[in-house]
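Values quoted throughout were computed directly from the atomic coordinates according to the rules given, and no laboratory measurement underlies them. Only a predicted model underlies this, so the values are computations on that prediction, with no experimental measurement involved. We place every Cβ from the backbone using ideal geometry, glycine too, and count neighbours over all the protein chains shown.
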Amino acid sequence: MNRTHGDVRTGARDPGGTGPRLRGQGLTLAYDEAVVARELDVTIPDDSFTVIVGPNACGKSTLLKALARMLRPKAGAVHLDGRSISRYRSREVARRLGLLPQSSIAPGGITVGDLVARGRYPHQKLLRQFSSADEAVVADAMRRTGVADLADRVVDELSGGQRQRVWLAMVLAQQTPVLLLDEPTTFLDIAHQIEMLDLCADLHADEGHTLVAVLHDLNQACRYATHLVVLRPGGEIAAQGDPCEIVTAELVADVFGLSCRVIDDPETGTPMIVPARRRRKDEAGEAAPPAALSQGR
């Protein structure tokens, strides 16, 4: 693996920093007075591909916003490189942590090359403007995401899959060790979903990025994640850990209310959720209540 911790590519820790680069402790998250989650303790393992999953409205994206400093916790704190994230200036955070939000809107008429170049903003200073080194970083980010041939195209003219790759290229141009991705596969067809997740997996495995993504598809989460954070309704953490160790039919039934079997994915050996067949009333007399059906795990 090409891991270069501590250099300009992956960012530097504070002197004496110990423990994981990113964690949340005792987080209570809310919008105004509407509390979404209480007293969450979340640790993002370094060099992991962490995926946050859970049912609708359980606080997945809210947690990611808190980790990205887009939402101030009502209580508790997010720690980045050994310090409370609130103690950093915005430009310092942007040199350590990149965010691909759920909905990204490009300025009208901007080209792909110009949008990706905006990822270099955290590295600009009053006496240091865009340089040949910045140009090289932008070109490399576009090459790695497969959008180099789109550099002169207007972003609004691209397909959904192309736009997602362009936004990811902009985040990569920040050269941060940690990347946060809020539902990066939203609005993509299945082929482009896999393409995007394969790209994220390569960034993690080959280049040493720590990734944190919110996904809706539990099977995709199990296939790609090295670390899974499972939220249940009400924003409580139901389980954290290696998907192969924590994902069971009982967990799926508890969190999602879905009767299923959990078997080994024939391609990867990771957990695969197979929903129980819907039973008609005329087959069983009455519909069976949701229950976990254990098989294989």
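Miscellaneous remarks
- Candidates ALA68, THR270, VAL247 compared by Cα position along the dipole of the chain: farthest toward the positive end lies ALA68, with charges placed on Cβ.
- Paramagnetic reach from TYR121 in segment 64-92 [backbone N under 13 Å; point 7 Å along Cα→Cβ]: 90-92
- Degrees, to the nearest 10: 132-144 long Cα axis against longest axis of the chain: 30 degrees
- Sites GLU245 and GLN102 - FRET efficiency at Förster radius 30 Å, r taken between beta-carbons, to 0.05: 0.55
- Note on LYS60: aspartates and glutamates with a C-alpha under 15 Å away, same-chain residues under 8 apart excluded, are GLU39, ASP41, ASP182, GLU183, ASP217, GLU236.
- Residues within the reach of a label modelled at VAL154 (point 7 angstrom out along Cα to beta-carbon, backbone nitrogen below 17 Å), restricted to segment 93-113, are 105-113.
- Most fluctuating residue given options SER61, SER159, SER48, as computed from a GNM of the chain linking Cα atoms under 10 Å: SER159
- Each helix, a run of at least 4 DSSP H residues, gives -39500 (n - 2.57); summed and divided by the residues of the chain, these come to -8500 deg cm²/dmol at 222 nm.
- Packing, taken as the mean count of other beta carbons within 10 Å per residue, orders the peptides 238-244, 114-120 from highest to lowest as 114-120, 238-244.
- Shape of segment 74-186, Cα gyration tensor, a/c cut at 1.5: oblate
- Fully extended contour minus Cα-Cα distance, from ASP189 to ASP46, at 0.36 nm per residue: 48.4 nm
- The longest stretch of the chain left intact once loop-based GluC sites (Glu not before Pro) with at most 16 other Cβ atoms within 10 Å are removed from consideration, loops following DSSP, is 34-266.
- Residues listed by number, segment 164-205, amide nitrogen under 19 Å from ILE110 label point at 7 Å toward C-beta: 164-176, 180-182, 184
- Rounded, prolate or oblate (a/c below 1.5 giving rounded, otherwise prolate when a/b exceeds b/c) for segment 211-274 by Cα gyration tensor: oblate
- Whole-angstrom gap from segment 206-233 to segment 49-63, using each part's C-alpha centre: 9 Å
- Segment 71-108 and segment 157-196 have their alpha-carbon centroids 18 Å apart.
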